[in-house]
1. Can you tell me how the range 144-246 classifies by the Cα gyration tensor, rounded, prolate or oblate, using a/c under 1.5 as the rounded cut?
2. Would you work out if the range 215-269 is rounded, prolate or oblate? Take a ≥ b ≥ c from the square roots of the eigenvalues of the alpha-carbon gyration tensor; rounded if a/c is under 1.5, else prolate when a/b is larger than b/c, oblate otherwise.
3. Around H94, which amide H atoms from residues at least 5 apart in sequence, or from another chain, sit under 5 Å from its own amide H, with H modelled in the peptide plane?
4. Need the full-extension length gain, V28 to H80, defined as separation in residues times 0.36 nm minus the C-alpha distance. One decimal, nm.
5. Is the range 6-90 rounded, prolate or oblate when judged by the Cα gyration tensor, a ≥ b ≥ c being the square roots of its eigenvalues, rounded requiring a/c under 1.5 and prolate requiring a/b larger than b/c?
Amino acid sequence: MHRGASSHSLLVGLRTILSHGALTVLAVAIAFSLPGFANYILNEWLPGVENNASLLLGTEIALAAVLALIFNLAAVAWDHRRRVLTARLASLVHARNADAGWWARRRERALVNQLTTARDAFVLTPTGYDTLVARESVLRPVIEKAYEIRVMLVNPVGQGLRRLAESLPPEVTILTLHTEIEATIGALSALRKYGKKVKLKFYDEEPFWKLVVLGDYIWVQHCHSGFVVSEQPEYVFALQHTEPRHGLFVPFYMIFLNAWNDARHPEYDFDTNELVYRDAGGRETGRELLGVPIEGSHFPVPSSVAEAALLRRPLSERTAVY
């Protein structure tokens, strides 16, 4: 996995050196100030406190408040330490809610900046719109730079998509999801024209996970019934090279690989708009048209003229769902 450009490594090293230098200067300053501070406490402060009851009471209250603050900070630090160790064991490097603020977005973009040279991109998602098409997608520029791109979408003519549409809010229909899938196929077709090695497969099950694998990092979201994926929390797990068995990167990565290698999931032929079925040995066993018009091509159209018109709407008029 390429962790980023050399300039990024140089900045990280420079920041580490400066932070260590600042800590060293602070430690030396504290060490030199201790004798004078101790002399003031013993020779000036304590004699005045002994002869002044109000000052003594105030000192005791202040000392009790400082001790309570220190103990609370120690408890918080210990609790955070346990959480950090737990997150490290799970290889969790980033997490955010759907309504996260600009700081969480900034941290995610900083993480993505390390992936500018990722060679492979693997995506398992319901429709792929928010990852591969939407302009605000953080991962889209990185995926577009990858050489090999493997994508799995829910079958637009399968029962899984129908169950997904029935579980979502009323404004999200099967036609809406068809439009999203159409836009994603169009984006992948454009990448193929640029020489990218793009493969697309479809699965019939109702979506349960959304996974995006980029190098040593994997983005994970749960496809909760009744909610669009963009409303779900997002987690990023990293591969631990020294202990690959630790963390959740490998289990989620295997979910994608198992789904990709499942012979039940047909591969999409971009040139003919057909679903290609193969057996466990990789031999082709049959083909069938996808059944959804892609970019206005002459393929079987829906029974309703309104449906066909909706599927051919310009990309700017489509409503992003995933």
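Where a number appears in this text, it was derived from the coordinates with a stated rule and is not lab data. This one's a predicted model, so the numbers in the text were calculated from it and none came from an experiment.
1. oblate
2. oblate
3. V236
4. Separation in residues times 0.36 nm, less the Cα-Cα distance, equals 15.9 nm.
5. oblate
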